[in-house]
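Have a look at the structure below, then the notes.
The values are calculated or read from the model by the stated rules, or taken from the named source; none is laboratory data. What you are looking at is a predicted structure, and each value in this text was computed from that prediction instead of being measured. Heads up, the Cβs are rebuilt from the backbone with ideal geometry, glycines too, and the neighbour counts pull from every protein chain shown. Surface accessibility is based on the protein's heavy atoms, side chains included, excluding ligands, DNA and RNA. Shrake-Rupley method; radii C 1.70, N 1.55, O 1.52, S 1.80 Å.
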Amino acid sequence: MDLLSDILERIRLKKLKAVIYPKITVSENSWGIEVPQDNSSQFWRLLAGTCYLKMNGAPAIKMNAGEIFFIPHGAGHQISGNPNNACVPAAQYGKALRSGAPLFKGNDEETVLMGGHFEMDPSFKHPFIHSLPRLMHITKMQSELCFWLNNVAIFMNDEISYEQAGTKVILARLADIIFILIVRAYLNQENTEQGFLMALKDERICSSLKSMHEFPDKEWTLELLATKAGMSRSLYSKEFKRSVGETPLEYLTNWRIIKSKEFLLATKENISEVAAKVGYQSEAAFNRLFKAKVGVTPALYRRKALTENIMA
């Protein structure tokens, strides 16, 4: 099992969406754009020239052509030709661009940026998302990754510009691809020392995670999971918590809830059958746990989701 793919598939099912912005082309060294904090995950790729990105409380970072900045948690930031430049709000820049009178046009070297953002359902809670760093600066990319990222972004831009039958579905799938390409490039580049990305690179921890994902219905104990990892219980518990941010049994419970939500929406199985598929022989115990984690009972969760789909 490809563990990262299994996690990313759940994100896709939660309707990850993306928007590609019109290309930013400036030819004035005094340019600067301020992007406010929001719930989206922004990305920028420099196509030509140089620029700087500055986040609150951190020094400015220079960006060279071909590099990517990915801001997973939507932190406010400034992107400019020089860290000392005054910045206009992104909304103001966008309004001028749409009106046909773009800002920052001069006789200096041309800088070209491609950017966009992802919107992920905040109800999807997983350590992979939470442990992504505040800023991911991707400076090295394999030629194949670079090729696909360029072409997927161009395709998305065309779909947005010339909306046709199926555009909504195509954009959703392409959003998945861009997100995965960025994460893969970061994993290839970074020697991750903490967070869930470190767990993906640790064969022992990853082995136990794969077992939980593949067989959520099994009666897992801490001892069985430690055996899967080839570690003592104490060392396994310590290393798992350090990298994942949750204890092994906490992670197992939360993953079972994620899977049960998927089964509730994708099948017509009754609640007891869904409970059994995620390791709970008692429907009553499953109902209590699900309500404690999600805020509603499994039956109500299914009804609400069905009503929302009908209304959409």
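Computed extension length for Glu203-Ala284: 25.5 nm, one decimal, from 0.36 nm per residue of separation with the Cα-Cα distance subtracted. Could you list the GluC sites (Glu not before Pro) in the range 98-127 that lie in coil according to DSSP, counting only those with at most 14 other Cβ atoms within 10 Å of their Cβ? Of the GluC sites (Glu not before Pro), the ones in loops of the range 98-127 whose Cβ has at most 14 other Cβ atoms within 10 Å are Glu109, Glu110.
Helical runs (DSSP H, four residues minimum) scored at -39500 (n - 2.57) apiece and divided by the length of the chain put the mean residue ellipticity at 222 nm at -15500 deg cm²/dmol.
A simple rule links phi to the HN-Hα coupling: the Karplus curve 6.51 cos²θ - 1.76 cosθ + 1.60 with θ = phi - 60°, which for the range 103-111 gives 7, 6, 9, x, 10, 7, 4, 7, 10 Hz, with x for Gly and Pro. A simple spin-label model places the labels of Val112 and Asn254 4.2 nm from each other, with each point 7 Å out along Cα-to-Cβ.
On full extension of the chain, what length is gained from Ala86 through Ala65, given 0.36 nm per residue of separation minus the C-alpha to C-alpha distance? Intermediate values should be presented prior to the final figure.
Numbers: separation 21, 0.36 × 21 = 7.56 nm, distance 2.24 nm.
Additional length available on full extension: 5.3 nm.
Remark on Leu47: its backbone amide H falls under 5 Å from those of Gly66, Val112, Leu113, Met114, a criterion applied only to residues 5 or more positions apart or on other chains, H modelled at 1.01 Å from N.
Here Thr25 sits with roughly 40 square angstrom of accessible surface, probe radius 1.4 Å. For the chain, the longest principal axis of the C-alpha atoms and the axis of helix 203-214 are separated by about 70°. Pick out which of Ser30, Ser232, Ser123 has the largest mean-square fluctuation in a Gaussian network model of the chain, springs linking Cα atoms closer than 10 Å. Looking only at Ser30, Ser232, Ser123, the biggest GNM fluctuation is shown by Ser123.
Given a Förster radius of 51 Å and the C-beta distance between Ser234 and Ala299 as r, what FRET efficiency does 1/(1 + (r/R0)^6) yield to the nearest 0.05?
Working: r = 40 Å, r/R0 = 0.79.
After rounding to 0.05, the efficiency reads 0.80.
Ranked from largest to smallest solvent-accessible area, with a 1.4 Å probe on the protein heavy atoms, Glu28, Glu273 come out as Glu273, Glu28.
Which entries in Lys62/Lys95; Lys23/Lys201; Lys277/Lys304; Lys125/Lys241; Lys218/Lys261 show an alpha-carbon gap greater than 25 Å? Mind dumping the intermediate values first?
Details: Lys62/Lys95 27 Å; Lys23/Lys201 35 Å; Lys277/Lys304 22 Å; Lys125/Lys241 17 Å; Lys218/Lys261 18 Å.
Correct reply: Lys62/Lys95; Lys23/Lys201.
For Val152, the solvent-accessible surface with a 1.4 Å probe is about 10 Å², rounded to the nearest 10. Projecting label points 7 angstrom from Cα along Cα→Cβ for Thr50 and Ala165 puts them 5.1 nm apart. Evaluating 6.51 cos²θ - 1.76 cosθ + 1.60 at θ = phi - 60° for every residue in the range 220-236, the Karplus couplings come out as 6, 10, 4, 5, 5, 5, 5, 4, 4, 7, x, 9, 5, 4, 5, 5, 4 Hz, glycine and proline recorded as x. Farthest towards the positive end of the charge dipole of the range 186-296, among the residues Pro216, Leu187, Gly230, is the Cα of Pro216, using unit charges on the Cβ of Lys, Arg, Asp and Glu.
Remark: the chain carries a charge dipole of roughly 840 debye about the Cα centre, counting +1 on each Lys and Arg Cβ and -1 on each Asp and Glu Cβ. At the residue level, His213 shows approximately 10 square angstrom of accessible surface with a 1.4 angstrom probe and all protein chains present. For the pair the range 148-177 and the range 246-312, the centres of their Cα atoms are 32 angstrom apart.
Sorted by accessible area (1.4 Å probe), largest first, how do Asp121, Asp202 line up? It would help to have the intermediate numbers written out before the result.
Details: Asp121 60, Asp202 35 Å².
The ordering from most to least exposed comes out as Asp121, Asp202.
Heavy-atom accessible area with a 1.4 Å probe sorts Thr221, Thr227, largest first, into Thr227, Thr221.
Relative to the dominant Cα principal axis of the chain, helix 3-13 is inclined by about 80°. Seen against the Cα atoms of the chain and their longest principal axis, helix 283-294 is set at about 20 degrees. Shape of the range 168-271 from the C-alpha gyration tensor: oblate (a/c of 1.5 or more and a/b not above b/c, with a ≥ b ≥ c the square roots of its eigenvalues).
Find how much the distance from Lys241 to Arg173 grows on full extension, using 0.36 nm per residue of separation minus their present alpha carbon separation; answer in nm with one decimal.
Between Lys241 and Arg173, full extension yields 21.2 nm more.
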